[in-house]
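Scroll down for the structure; my scribbles are underneath it.
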Amino acid sequence: MSLVYAGTCCHSPAITSRGEMADPQLRRQLLEAFDRQRRTIEGAGAEAIVMVSSEHFANFFMDNMPTFSIGIADEYYGPIEDPNWLKIPRTTIPANPDLSLRLINQVMQSVDVCFAQEWKFDHGMSVPLHFLTPQYKIPIIPVNINCQSKPMSPLHRSWALGLALREAINSAPEKIALIGTGGTSHWPCTPDSGKINEAWDRTLIDHLINKRKDALLAYTDEDTYREGGGGAFEIRTSVCIAAATEEQTGEVWFCEPIPIYATTCSILSLYQQPLDLLT
Amino acid sequence: MSLYYVQKLLYHLNRDPVQQQHFFEDRDTVFGHYTLTEEEVDALRKPDIGLLYVMGVNAQLLMHYATMSGYDWPQYIQAMRDGIDQYGPVREGLYAMQDGKGAI
């Protein structure tokens, strides 16, 4: 069994681009939770991070939009956003194409995915990586779920992707961490930016850490859009991680609405390797 | 249908610094590569961020066009609100507005 850690985290670009505009205490607590996740990943000896995100038209457009895609490049690059705006320097990010190939082949046994030999990360990947592997020491396997443009796949397909990823990860000898990014209520980059439906977010997070499959798959896009805004279509990423870690109850390491970051920022720990499996 | 090409142009600009430089040096040539209405070309050229938002341009694309056009965050948010006042509700697209009174 090679999954050594799994969790989710927020990826709002404002965490870095408008970082100092937030309540200082909330920001400090959020960064401490990010750092706890970083230390847990490093402490588990992760040799790769499979990061499931929702990109925002950095690589994929409506001319040929993949529902699910997995990177298989020799290296990645990011962020595509203006680094002076995002306040994250552009850099190359290490990959592991051999591991990507093995994971893709295994995932394809049950879920069809596209693959990409070129991938420019946007804030959906770059903001979490900035905090979770700031020196970019751990190879990344990017996974994208289309959460930006309809038609989007139903949530039970994200659940299926999570199961397939877990099986694939378990088939690899490498120690692998699995991280999902994004996904609470937000109305990003619109005049409604800063609206947060905290009650909706906390209910969702309770379902996620308790891996309530039926409750999670009962969310409809109509309800999600009404209650959580267009940004909340990203719940597909966290549903995927919940499926991959169904056997364990998770923990909330941070969960607070931060309006200047335009969402409820959360850090969830959804899987830690049982002590009897630690080597 | 033309909204698709407005968004495709912005997608290309966001992804490719070389194309971005070319665009700001010679917009009319770049416009010629896309199927755009006169209203869309005018909105892109000014730029009229509020009108582009009302047209339905996905805000994940529009935000970066505003930034590369010199808008800071408060100016960008205000431009969309001004667009609603001037042109009316968002016409189409995923990021339709609620009441436009976010916390920022």
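The values are calculated or read from the model by the stated rules, or taken from the named source; none is laboratory data. Values in this document were obtained by computation on a predicted structure and should not be read as measured data. So basically every Cβ, Gly included, is an ideal-geometry build from the backbone, and we count neighbours across all protein chains shown.
Miscellaneous remarks
- In summary, helices (runs of 4 or more DSSP H) completely within segment B:32-81 and bearing 2 or more residues that are at the interface with chain A (Cβ under 10 Å from one of its Cβ atoms), of a type outside the set (Ser, Thr, Tyr) and out of contact with any Ser or Thr (no Cβ under 9 Å at 6 or more places or on another chain) occur at B:59-68.
- Where a residue in segment B:78-89 is surrounded by 15 or more Cβ atoms within 10 Å (Cβ to Cβ) and its partner, wherever it lies, is of a type in the set (Phe, Trp, Tyr), with Cβ under 8 Å and at least six apart: B:79/B:53; B:79/B:71; B:80/B:53; B:83/B:53; B:84/B:53
- Check on residue A:215, aliphatic (A, V, I, L, M) and surrounded by fewer than 23 Cβ atoms within 10 Å (Cβ to Cβ): yes
- Residue within segment A:204-224 that is within 20 Å of residue B:81 (Cα to Cα) and within 14 Å of chain B (Cβ to nearest Cβ) present: no
- Checking A:251, A:222, A:234, A:227 one by one, the residue that is touching a Ser or Thr at 6+ places or on another chain (Cβ under 6 Å) and surrounded by fewer than 18 Cβ atoms within 10 Å (Cβ to Cβ) is A:251 and no other.
- Any hit, segment A:64-84, residues being hydrophobic (A, V, I, L, M, F, W, C), in a loop (DSSP other than H, G, I, E, B), in contact with a strand residue (DSSP E or B) (Cβ under 8 Å, 6 or more places away or on another chain) and within 12 Å of another protein chain (Cβ to nearest Cβ): yes
- Residue B:88 vs. criteria modelled with pLDDT of 95 or more, small (Gly, Ala, Ser) and more than 22 Å from residue A:124 (Cβ to Cβ): no
- Scope segment B:1-31; condition surrounded by 14 or more Cβ atoms within 10 Å (Cβ to Cβ), of a type in the set (A, V, I, L, M, F, W, C) and either within 14 Å of chain A (Cβ to nearest Cβ) or assigned to a loop (DSSP other than H, G, I, E, B) (or both); matching residues: B:3, B:6, B:9, B:10, B:13
- Boolean, residue B:93 is within 11 Å of chain A (Cβ to nearest Cβ), in contact (Cβ under 8 Å) with a residue 40 or more places away in the chain and at positive phi: yes
- Scan segment A:233-265 for residues that are at pLDDT below 95 and either touching a Phe, Trp or Tyr at 6+ places or on another chain (Cβ under 7 Å) or among the aromatic types (Phe, Trp, Tyr) (or both) and the total you get is 1.
- Residues in segment A:85-123 that are within 13 Å of chain B (Cβ to nearest Cβ) and free of Cβ contacts under 8 Å to residues at least 24 places away in the same chain: A:90 only.
- Selected residue (only one of A:204, A:268 is touching a strand residue (DSSP E or B) at 6+ places or on another chain (Cβ under 8 Å) and buried (at least 22 other Cβ atoms within 10 Å of the Cβ)): A:268
- Enumeration of residues in segment A:91-129 that are hydroxyl-bearing (Ser, Thr, Tyr) and out of contact with any strand residue (DSSP E or B) (no Cβ under 6 Å at 6 or more places or on another chain): A:91, A:110
- The residues of segment A:132-156 that are within 22 Å of residue A:107 (Cβ to Cβ), exposed (fewer than 14 other Cβ atoms within 10 Å of the Cβ) and within 14 Å of chain B (Cβ to nearest Cβ) amount to a single one, A:151.
- Failed item in (1) away from chain B (no Cβ under 11 Å); (2) crowded, with 24+ Cβ neighbours inside 10 Å; (3) not hydrophobic (A, V, I, L, M, F, W, C), with residue A:55 passing the rest: (1)
- Search result, residues across segment A:85-105 that are part of a helix (DSSP H, G or I), at pLDDT 95 or above and buried (at least 18 other Cβ atoms within 10 Å of the Cβ): A:99, A:100, A:103, A:104
- Segment A:266-279, subset modelled with pLDDT of 95 or more and hydrophobic (A, V, I, L, M, F, W, C), residue farthest from residue A:14 (Cα to Cα): A:270
- Condition met for residue A:106 (more than 16 Å from the chain's Cα centre (by Cα), under 21 Å from residue A:205 (Cβ atoms) and of a type in the set (S, T, N, Q)): no
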